[in-house]
Protein chains: 2
Amino acid sequence: MIAELLFIGTELLLGQILNTNAQYLSQRLAAIGVDVYRQTVVGDNFGRVEACVSEALGRSDILITSGGLGPTADDLTREAVARALGLPLVTDSQTLHSIERFFAERSRPMTPNNAKQALLPAGGQMIPNPRGTAPGVYVEHHGKKIAMLPGPPHELVPMFEQAIVPRLTAGCQAQTIVSRVLHLCGIGESDLETRVRDLIDAQGETTIAPLASLGEVKLRLTTKADSQESALRRMAPIEEEIRRRLGRHVYGMDGETLAQATAALLIRSGFRLGLAESCTGGMLAAELTGQPGISAAFPGGVVAYADATKSALLGVPKGLLRRHGAVSAQVCGAMARGIQARLGADFGLAITGIAGPEGGTPAKPVGLVYIGLAASSPDELVIQQHRFLGDRSMVRARAVRQALVMLRESLLDRTGVTSKEPAS
Amino acid sequence: MIAELLFIGTELLLGQILNTNAQYLSQRLAAIGVDVYRQTVVGDNFGRVEACVSEALGRSDILITSGGLGPTADDLTREAVARALGLPLVTDSQTLHSIERFFAERSRPMTPNNAKQALLPAGGQMIPNPRGTAPGVYVEHHGKKIAMLPGPPHELVPMFEQAIVPRLTAGCQAQTIVSRVLHLCGIGESDLETRVRDLIDAQGETTIAPLASLGEVKLRLTTKADSQESALRRMAPIEEEIRRRLGRHVYGMDGETLAQATAALLIRSGFRLGLAESCTGGMLAAELTGQPGISAAFPGGVVAYADATKSALLGVPKGLLRRHGAVSAQVCGAMARGIQARLGADFGLAITGIAGPEGGTPAKPVGLVYIGLAASSPDELVIQQHRFLGDRSMVRARAVRQALVMLRESLLDRTGVTSKEPAS
């Protein structure tokens, strides 16, 4: 079954409100196995609403509208749908009666436009609105199902759940669409795609799509089945295969952040970590300390923004700073060793770089960042040099992410833990 | 001029992401006098994208798309627009060259799919993407203007502002809607409303609306005029009056954050600040160091998560920790003095508290936070005790905000600077 969503309201076209109904309805329809092919937003204009309704019904089995059910002249969803279906509008006497009662009980005058809310296309059913005055309408006509719901989300949601979901799933064996998102690190979008291209192209029961945003790369697996359990069972072999191919690049799933995954790994490892941050200025510490339970594994760190602070709080030799500059592999290593020693930690992780917009030179451009990880034995000090793209905030965010990747790799090497989660 | 917006991405149809670009683009187009008649969301399907593009161009002068510009096979916006326009796709050699350089500089292999991002419909122009790898495309064809932008909002927004707005407004005189948002601190929403109720009710040419979100309170002023300048001139007397009534509570405007405003004030003051953070774990340092130019005023800080770190890096006496506990006015004061002394800073600002979810007791519940500010003379040490509501992340965010308010107040007292900005 194919559905379209139509959102009616000039305030949406002016950007005055955020269309959260679109996300909500799309998620819920996916969950009951209905494919949404289009969402459309249109203003409070009779001709344009009617055109949108006709077009949508020409393409789809189900149309769900939101908005335009109030009592004012601007509210014309009922009228436009009736015209598009070629059905007359009739008054639902029970609804008219309850509107009259509503006003009588409050001793308020009922103006003629209020009676409009009792209208519906002939053959339709009123959908009660427990949280507002505008009832919804449900019509089936020539095999198409049309549901009209009010715009306010706190009214739309219970009406959709109680009255529309049962009508859409009646008589069909409901299928549920289940998505699983695998979160990846240390791999680019195109490299990822190359490795799983054949699985994406296979177009089997489980579809696979790569997603990328702000330095993060994800793979979404989607499948359809009678139940959540059987969908996950169907997905399992493909998820296994992807995890086998991508190995450690898969750090988590379904919304888990890299900081969460890495903090959990650190806590499980029993190791203690100290941080020394220059250009990221405390961002990495802030991300790690966002995770409950981190205190056992994270005694603390230093935000060593000025050179003098690198010396005073981390013991970085002044000569080293003078010779190599604060943004150098040498100083990065000394920062990592410095925080490790001062806190008696198992690991010292340091970041120093040029986040911009000022401070870059041809030899040391904006985006140059060193990340250093010191571990227990004297020879265990690894320094990475990176060139990150973007503005100040992006350089900082990418540096934090890369430091987490580096820490995670090292923890995985040491603990022998793999990042592999069970497939269900 | 009539515009339509087309959002391309199956993840939108599955409800996996909220379409904030729709609101942003609609607001901005309204502000430059372009009417948006439709917003459409469609999945990553060539035929359906092409149909949407053709239909939209049949109705409108301007089409703005977002999404589908990445390097993968799913990304087919360029191809679908070219087909709908009947234009061949050509390679932009400069873009291809910069993609090749990008991979070469990182010693990463460039897979063939990456070259796709250098394609555009013949006659079009590439739109640089400073925050990502997918460039946008702008085409004018038979009097229609088409802009293709990437989906991630942090990429789309600057590209729209810098490259698309000037192309859409070139040569037209439009009525412009101008909004100014005044950002407030240290005042609650209802207190604010009481103080400006009469101005809100006046309903003149300038409308005033209070806005509140996550501990932040704002006032939005909106007016319409031929030009930005005349709108601001019309707004000026009301803005003056509001600023007169609210005084220091107005810390900034039009998106300025409290961290930005406070960092700017700190830099102007010539004072140097050291930070000692426990429960906020580096968040305050991260916010301040997000501001360019802060290094002159911020030598650094310590994230003193464990008690031992408070002693080792800040010199907090062990006896004090034992007697009063880490979350106490006494330890907070010692942390503030400790970081001030170690860095030779003018101010030491310390935060210690219980962010939860664990660690609360009846005497020291989750949400209890001490914030201490030490200044130069020995008697200048102020400790505030707070009980913040909410979960771990909210307690931390509120503590950071309150520490900024406290620092700002102290800086205003000392420098005699008011936070009053010129009205235009």
Cβ pairs under 9 Å, 6+ apart or interchain, first in the stretch B:11-29 and closer than 15 Å to residue B:65 by Cβ, second at pLDDT below 90 and of a type in the set (S, T, N, Q), ordered by first then second residue, are B:26/A:16
* Could you tell me whether residue A:71 is of a type outside the set (D, E, K, R), modelled with pLDDT of 95 or more and out of contact with any strand residue (DSSP E or B) (no Cβ under 6 Å at 6 or more places or on another chain)? => no
Scanning the stretch A:147-163 for residues that are in contact with a Gly (Cβ under 8 Å, 6 or more places away or on another chain) and closer than 18 Å to residue A:95 by Cβ gives A:147, A:148, A:149, A:150, A:155, A:159, A:163
Looking at the structure I just gave you, is residue A:126 in the same structural domain as residue A:150 (by TED's automatic domain parsing), aliphatic (A, V, I, L, M) and in a loop (DSSP other than H, G, I, E, B)?
no
Filtering the stretch A:200-227 down to residues that are facing chain B (nearest Cβ under 10 Å), in a loop (DSSP other than H, G, I, E, B) and crowded, with 17+ Cβ neighbours inside 10 Å yields A:215
inquiry  = It is to be established whether one or more residues within the stretch A:61-73 are of a type in the set (A, V, I, L, M, F, W, C), in contact with a helix residue (DSSP H, G or I) (Cβ under 9 Å, 6 or more places away or on another chain), over 19 Å from residue A:144 (Cβ atoms) and assigned to a helix (DSSP H, G or I).
reply    = no
- Message: I'd like to know if the stretch A:164-178 contains one or more residues that are at pLDDT below 90 and more than 24 Å from residue A:21 (Cβ to Cβ).
- Response: yes
Pairing a residue in the stretch B:337-361 that is within 11 Å of chain A (Cβ to nearest Cβ) and acidic (Asp, Glu) with any residue that is surrounded by fewer than 24 Cβ atoms within 10 Å (Cβ to Cβ) and not in a strand (DSSP E or B), where Cβ atoms lie under 9 Å and the two sit 6 or more apart in sequence or on different chains, gives B:358/A:292; B:358/A:293; B:358/B:366
### Query
Is it true that some residue in the stretch A:293-315 is facing chain B (nearest Cβ under 10 Å), under 13 Å from residue B:309 (Cβ atoms) and free of Cβ contacts under 8 Å to residues at least 12 places away in the same chain?
yes
Exercise. Report whether or not residue A:43 is at positive phi and not basic (Lys, Arg).
Key: no
Considering every residue within the stretch B:248-261, establish whether at least one is closer than 19 Å to residue B:342 by Cβ, of a type in the set (A, V, I, L, M) and either more than 9 Å from every other protein chain (Cβ to nearest Cβ) or within 25 Å of the chain's Cα centre (by Cα) (or both). no
Exception for residue B:269 within (1) away from chain A (no Cβ under 14 Å); (2) under 30 Å from residue B:27 (Cα atoms); (3) in contact (Cβ under 8 Å) with a residue 24 or more places away in the chain falls at (2)
When the stretch B:26-42 is checked residue by residue, the ones that are more than 7 Å from chain A (Cβ to nearest Cβ) and either in a helix (DSSP H, G or I) or over 21 Å from residue B:231 (Cβ atoms) (or both) are B:28, B:29, B:31
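The values are calculated or read from the model by the stated rules, or taken from the named source; none is laboratory data. Quick caveat: nothing in here was measured; it's all calculated off a predicted structure. Reconstructed Cβ throughout: ideal geometry from the backbone, glycine too, with neighbour counts over all protein chains shown.
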